[in-house]
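Input: a single structure, listed below in structure tokens.
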């Protein structure tokens, strides 16, 4: 039980499958002090003596509200998936030599490959490196993957000519394996 003036609280957050959730927002109420979980779902921060609640929220999950007086440090909080219903979606590839742009107002990045080839980029990972809206992660072995703020790798779908190239069983995609040669555009939606 937490009963003192000003103190640290810490714990972990995961989903219903037991996978750590990174970038979960955690705030204490009413002071609104807060933090985010790291890549292993861990959080730690200071709360004020008047705070009574902790609220954990993440895109794609229902928010969870906990009473501070009954919270025990080291607790693992499990967030429940918030499945968003939507109309049906049909995706089909027209031609492997043709790139059909998404017709959406939510387009964040659109890159013309003609401009990128002048910079000497050889793979999709290199092309995305200078974009501020995404973070490119590169391992010591040269594998490249991207992350988008407030999302996990399980929430990203990669499409090549309208065909998914990642699965829920393997949500990561090594972008260094995909040459930028022959592509007409890249979009992040």
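Being closer than 13 Å to residue 10 by Cβ and either without any contact (Cβ under 8 Å) to a residue 40 or more places away in the chain or loosely packed, with under 15 Cβ neighbours inside 10 Å (or both) narrows it down to one residue among 41, 34; which is it?
Details: 34 fails: closer than 13 Å to residue 10 by Cβ.
The conditions single out 41.
Scanning the range 55-94 for residues being in contact (Cβ under 8 Å) with a residue 24 or more places away in the chain and touching a strand residue (DSSP E or B) at 6+ places or on another chain (Cβ under 8 Å) gives a total of 19. For the range 34-54, the criterion of being at pLDDT below 90 and touching a strand residue (DSSP E or B) at 6+ places or on another chain (Cβ under 6 Å) is met by at least one residue.
Within the range 13-25, residues that are over 14 Å from residue 75 (Cβ atoms) reach partners that are part of a strand (DSSP E or B) and at pLDDT below 90 with beta carbons closer than 8 Å, at six or more positions or on different chains, in the pairs 25/34. Among the residues in the range 4-16, are any closer than 23 Å to residue 155 by Cα, at pLDDT 90 or above and outside any strand (DSSP E or B)? Within the range 4-16, one or more residues are closer than 23 Å to residue 155 by Cα, at pLDDT 90 or above and outside any strand (DSSP E or B). Looking only at residues of the range 30-72 that are touching a helix residue (DSSP H, G or I) at 6+ places or on another chain (Cβ under 9 Å) and in a strand (DSSP E or B), we find that the one that is farthest from residue 83 (Cα to Cα) is 47.
The values are calculated or read from the model by the stated rules, or taken from the named source; none is laboratory data. Since the model is a prediction, treat every value here as computed from it, not as a measurement. Reconstructed Cβ throughout: ideal geometry from the backbone, glycine too, with neighbour counts over all protein chains shown.
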